[in-house]
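Novice: Questions regarding the structure given below will be posed in turn.
The values are calculated or read from the model by the stated rules, or taken from the named source; none is laboratory data. Note that this is a predicted model, so its numbers are computed, not measured. Areas reflect the complete protein model, heavy atoms only, side chains present, ligands, DNA and RNA absent. Shrake-Rupley method; radii C 1.70, N 1.55, O 1.52, S 1.80 Å.
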Amino acid sequence: MRKFTSWLAVLGLLAAFVFVAPSQAQAAPYCGITWGSLAKSAGTLSSAPITNVRAGQHPCFDRVVVDIGGHAGGYTVQYVTAVHREGSGAVVPLRGGAFLQATVKDPTYNVATGAQVYRPANPNELVNTAGFATFRQVALAGSFESQTTLGMGVRARLPFTVFVLSGPGSQSRLVIDVAHRW
């Protein structure tokens, strides 16, 4: 009888492990990232010009930063089937398995004079993305009526977040982070 009771205790422990373990073993989000991949937008149009676009690599995500010479107007960032050039509507060829379109509600030119403030050497390759885990290409699709479109070719449709930082000084920065994985 004692052997039988011990055997039942062992079976009880195994049953508890089998039925309790899965709920306790749920995987944590990658690097704590809970961003998602749906469209994100905020703000309104601004006349503060874009002055630069740069990118960086981080342990859990790749980052694009849009420098703005004043208070950032706003943005809409979303995955699209293709990014189109402002004005002509032509498709911007991008490398990658998915395409993020960032509509920045700030121009690349001075709205009072029409003079270009941000004039990249190569609009199809705003930054060097060689060696990036997520980004494959960042391109300028044009600027029209105080609105600028950027196209980002990414490895796959991955979670992203968008936010605005103030500074330095009276400048601001639009930041787009795309996770390396889900």
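Novice: Being outside any strand (DSSP E or B), open to solvent by 10 Å² or more (accessible area, probe 1.4 Å) and either farther than 25 Å from TYR30 by Cα or not basic (Lys, Arg) (or both) narrows it down to one of SER143, SER170, so name that one.
Specialist: Values: SER143 fails: outside any strand (DSSP E or B).
So the residue among SER143, SER170 that is outside any strand (DSSP E or B), open to solvent by 10 Å² or more (accessible area, probe 1.4 Å) and either farther than 25 Å from TYR30 by Cα or not basic (Lys, Arg) (or both) is SER170.
Conditions tested, residue by residue: (1) among the polar types (S, T, N, Q); (2) at pLDDT 95 or above; (3) open to solvent by 70 Å² or more (accessible area, probe 1.4 Å).
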| site | (1), (2), (3) |
| --- | --- |
| GLN26 | yes, no, yes |
| LEU45 | no, yes, yes |
| ALA48 | no, yes, no |
| ASP67 | no, yes, no |
| TYR79 | no, yes, no |
